[in-house]
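The values are calculated or read from the model by the stated rules, or taken from the named source; none is laboratory data. Not measured: the values here are computed from a predicted model. Cβ atoms come from the backbone with ideal geometry, glycine included; neighbour counts cover every protein chain shown. These area figures cover heavy atoms from the full protein model, side chains too; ligands, DNA and RNA do not enter into them. Shrake-Rupley method; radii C 1.70, N 1.55, O 1.52, S 1.80 Å.
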Amino acid sequence: MNVFIEGPRWAGMWTEIIAAALQQLGHRVDYLHHNVRLPGDRLFLAGRTWLHGEDRGKAWARRFRQRLLEQAGHSKLDLLLSIQGKVDAATVQTLRQHSPGLRVIYWWGDILNDAALDRIREATGFADRILVSYAGSQARLEQLYGGQVVYFPFGVTPAFHSVDMVTARERRHFSAAVAFVGTCYPERCELLRYLNSQLDSPVAVWGRGWRHCPGVRGRGALSLRESQLVHACATISINLHHAGTDNGGNMKYWEIPAAGGFQVCDWQPELTASAHGKHTIFCRSLPEFAERIRYYLAHADERLQLAHSAREAVLKAAGYTPRLAALLQELP
C-alpha cells in the first residue's frame, strides 16, 4: 500500500516509529509533521494574526492542510493515517478525488478532554476508523460512534525501544537507584516529593516542566534513545499516568520493559491483563510506591527476573508491526 502519515514531531518519535513499522510490512510510507513550522510559516502566521486578526491556530491548520495536499497529492494513496493531526473533511474529500479508494485512520492517543472530543467528533465524519489508546476512552466513545472506534494500545518497535549496548559513559550518566522520565504534572510532582522524603536518595528526574515542582530537580528533556538508556540503567523506573488517563497504559508502560527496565507503576485495571502486567509492580497510593520501591531495591534477584520476563513479554506481544498488520486487514 501507499501510506501517508500526518503526525507530530516530538522526542517520543511517535510518527517515525509507526512509519517504520508500516515499512516493515512492505508498505511505501511518507509522512509530514503537523507541528513543524518553517521560517515562511512564521511570517505568514504573523501577518494573518496581526494584519487580519485571524486566530493563530486556525491559520496554521489551514496552511498545514494546504501543504498536506501538496505533498500527499504527488501519488495515489491507499491509506492516510492521521496521528492527532489537523486533517479535516474538506482535505480528505480533495485527496479522495485524486485517490478514490483512499481509506483514513484517525488516531487519538491522548486523554479525552473537550478539545479531543470535538476533534474526534469531527474525524468520525471522514475516517474509516478512530483509534484510541485507552480502554476507558474506547468504551465511552463506542456508545456514541459504535464500531468505528477501536481500542489500539501503544506498543513497541525493537529498533527504537530495545537497548542492546550501553557505553561506560552512558551508564555513568544515566544510572540511578530510582528514576523518573516524563513531563511534570501536579500528581507526579506530589509523588516525587513524597518519595524524596521517604527514600535514602532523591529520585533522578528527567523531563519538561520540573522547575514548577519545588524540591524536585529536573535534569532536562531527553531524546527517546536517552530515555530508553535511563530505563536500561536505572535500578527502578517509576511510571505515573496523567490523572486523566482512562484505564490504559501510556507509552512509558511499554517502553520501560522494552529497554530492559524494571517498572513500578500506578494501577490501572486494563494493565493487569496486558502481556507484561503480571511482571509489573502496581501501586495504588503514595505509601505503597515507597514500600514497593524499598522492597525491590533490596531484592535484586526478584527485580531482575521480573524485568527480564516483562521485556520478553512486551517484545513478543506488543510489537507495532504485527498489530498494525491485523488492523489493516480489518479495514473496510
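The figures follow:
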read-out: Diffusion constant of the chain at 20 °C, which comes from Stokes-Einstein with the Kirkwood Cα-pair radius and 1.002 mPa s, µm²/s; value: 101 µm²/s
read-out: From the C-alpha gyration tensor of segment 22-154, square roots of 5λ in Å; value: 26, 20, 13
read-out: Portion, in percent, of the accessible area of segment 28-72 that falls on carbon or sulfur, probe 1.4 Å; value: 55 percent
read-out: The chain, relative contact order in percent, only Cα pairs under 8 angstrom and at least six apart counted; value: 15 percent
read-out: Loop sites in segment 210-281: trypsin sites (Lys or Arg not before Pro), DSSP, at most 15 other Cβ within 10 Å; value: Arg217
read-out: Per residue accessible area in Å² of segment 134-292, where ligands, DNA and RNA are left out and the probe is 1.4 Å; value: 44 Å²
read-out: Candidate aspartates and glutamates - alpha carbon under 14 Å from Lys58, same-chain residues fewer than 8 apart omitted; value: Asp41, Asp88
read-out: Isotropically averaged projected area of segment 91-238, using the convex hull of Cα atoms (one quarter of hull area), nm²; value: 12.3 nm²
read-out: FRET efficiency estimate (nearest 0.05) - Cβ-Cβ, Ala317 to Ala89, R0 51 angstrom; value: 0.90
read-out: Potential extension, Leu117-Ala273 segment - 0.36 nm per residue separation minus Cα distance; value: 53.5 nm
read-out: For the chain, cysteines whose Cβ has no other cysteine Cβ within reach (under 4.7 Å); value: Cys184, Cys233, Cys265, Cys283
read-out: Distance (nanometres) between label positions extended 7 Å along Cα→Cβ at Arg169 and Ala326; value: 4.2 nm
read-out: Principal-axis tilt of helix 56-72 within the chain, Cα atoms, nearest 10 degrees; value: 70 degrees
read-out: Surface share of carbon and sulfur [accessible, 1.4 angstrom probe, percent] for segment 252-316; value: 51 percent
read-out: Kirkwood hydrodynamic radius (C-alpha pairs) into Stokes-Einstein, segment 65-117, 25 °C and 0.890 mPa s, D in µm²/s; value: 206 µm²/s
read-out: Met165 accessible area, assembled protein chains, probe 1.4 Å, Å²; value: 150 Å²
read-out: Rh by Kirkwood over Cα pairs, then Stokes-Einstein D for segment 204-262 at 1.306 mPa s and 10 °C, µm²/s; value: 127 µm²/s
read-out: Accessible surface of segment 122-202 [probe 1.4 Å, protein heavy atoms]: carbon and sulfur percent; value: 49 percent
read-out: Two-decimal Rg to Rh for segment 167-308 - Kirkwood Rh, Cα set; value: 0.92
read-out: Virtual spin-label span in nm between Glu187 and Leu144, 7 Å along Cα→Cβ; value: 2.1 nm
read-out: Rounded Å value of the spacing that divides the Cα centres of segment 1-75 and segment 199-258; value: 28 Å
read-out: In segment 279-332, the trypsin sites (Lys or Arg not before Pro) that fall in loop regions by DSSP, at most 11 other Cβ within 10 Å; value: Arg284
read-out: Cut-off 11 Å, label 7 Å out along Cα→Cβ of Ala11, residues of segment 179-203 by amide N; value: 181-184
read-out: Per DSSP, loop chymotrypsin sites (Phe, Trp or Tyr not before Pro) in segment 265-332 with at most 16 further Cβ within 10 Å; value: Trp267
read-out: Spin-label model distance (nm) - Gln305 vs Asp41, 7 Å beyond Cα toward Cβ; value: 5.1 nm
